[in-house]
1. Work through the residues other than Asp107 whose Cβ is under 14 Å from its Cβ and net out their charges, Lys, Arg +1 and Asp, Glu -1.
2. Run down the aspartates and glutamates and flag those whose C-alpha is under 17 Å from the C-alpha of Lys32, throwing out any fewer than 8 positions away in its chain.
3. List the residues of segment 80-113 whose backbone N lies under 20 Å from a point placed 7 Å from the Cα of Ser49 along the Cα-to-Cβ direction.
4. What is the Cα radius of gyration of segment 34-108 over 2.2 N^0.38 Å, N being its residue count?
5. Go through Met191, Met59 and list them by solvent-accessible area, largest first, probe radius 1.4 Å.
6. Just the number, please: carbon plus sulfur as a percent of the accessible area of segment 181-329, 1.4 Å probe, no ligands or DNA/RNA counted.
7. Sort the following peptides by mean Cβ neighbour count (other Cβ atoms within 10 Å, averaged over residues), highest first: 75-87, 259-271.
8. Do any of Lys195/Lys278; Lys195/Lys355; Lys205/Lys355; Lys37/Lys278 go past 22 Å between their Cα atoms, and which?
Amino acid sequence: MPLEANVSCAWPVLRPVPLQTAGEPLSLGTMKTWQFKVLRRLADGEFHSGEALGNALGMSRASVWLAVRELELAGLEVYKVRGRGYRLAQPLSLLDREAVLRELGDDAAHFTIEILDDISSTNTLAMQRAEQGAPGALVVAAEQQEAGRGRMGRAWHAGVGGALTFSLLWRFTQGAGFLSGLSLAAGVALMRALKTLGIAEAGLKWPNDVLWRGGKLAGILIEMHGDMLGPSAAVIGIGVNVRLSDAVRGRIDQAAADLETASGRPLDRNRLLALLLKELRQVLEAFARGGLAPFREEWRDYHVHQDKAVTLILPDARQERGWARGVAEDGALLIETEAGMRRYHSGEISLRPTKPVKGTPQGGVEMNDA
């Protein structure tokens, strides 16, 4: 029987279950095709009158007004000035397949790219494509997800045009067991892309988060389908905060960061997607040859908790304390405790920093909760 794995960490848990959608609505409002048409006209950040928009799109001025209202519900700030029309508070870089292909250059031949306005989940669609026999290196990206999700089924919140959400299908000749640690390797690819963009102070948090100054900048969700002995297919879902509006920040229950704040400049999401795909391709091809081993040391260098005191909250609410000492070749988190070195695999584990007791050497384990 084919098996599916929902893998958001280093260790795949396989179960014979049908594919399903999970999570809460991703954005503040769900937009339709005609509303996206208005958005594309406004994306340049210039004023457009309701009459001009209506004539260009074959819509009444009332329909334009309703579309603008939906944009606001989706978290976008729109200026409305009598006699001038409508203007976005900031220009938007909307996803465009041809633009992504141009940015990919010679690498474009390796990818099949599908960009959609609105979708339930890019991971769900990419997995469906995999089950239908789609080739590897298929990319599904969307401006808006209705059921985007992250680790442990949590909703991924993003405003239209304010995030980059996409899924990459990659096929392996090996079975699912070989893919342990794939999310960590994907994290290395993201960090390499951030370095290319000149973004400092970013780091990885086991098993699948990218942080900037303590706020979550990006997340990775991996789902797999295939046979235990191979071949297998992995869908690597990635969500990156590019520009967080106040409306979206208000819906996030944890510290969050975005690329434009981190970089100090506006970013072209098409260039960003192309850059991420280039780095992911290099990493995934190397992973297919050698697993996580070639990336362990680099991952350690990026890990924000490396050689620091941490507390792990286990699925049964028990807590384990120790010092983070990197990861094993299968992606298991290595924690030095009073009882010795321990390995943790489950994606249901929460990892938090812990304040060491004053005077305790770095190699010790005595500590208090922060």
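The values are calculated or read from the model by the stated rules, or taken from the named source; none is laboratory data. Keep in mind the model is a prediction, meaning the values are calculated, not measured. So basically every Cβ, Gly included, is an ideal-geometry build from the backbone, and we count neighbours across all protein chains shown. Please note that ligands, DNA and RNA were not included when accessible areas were found on the heavy atoms of the full protein model with its side chains. Shrake-Rupley method; radii C 1.70, N 1.55, O 1.52, S 1.80 Å.
1. In short, 0.
2. Correct list for Lys32: Glu70, Glu72, Asp117, Asp118, Glu143, Glu146.
3. Within reach of a label on Ser49, which here means backbone N under 20 Å from a point 7 Å along Cα→Cβ, segment 80-113 contributes 80-88.
4. 1.25
5. Accessible-area ranking of Met191, Met59, largest first: Met59, Met191.
6. Accessible surface attributable to carbon and sulfur in segment 181-329 totals 47 percent.
7. Working: 75-87: 15.1, 259-271: 17.1.
Descending packing order for the listed peptides: 259-271, 75-87.
8. Lys195/Lys355; Lys37/Lys278
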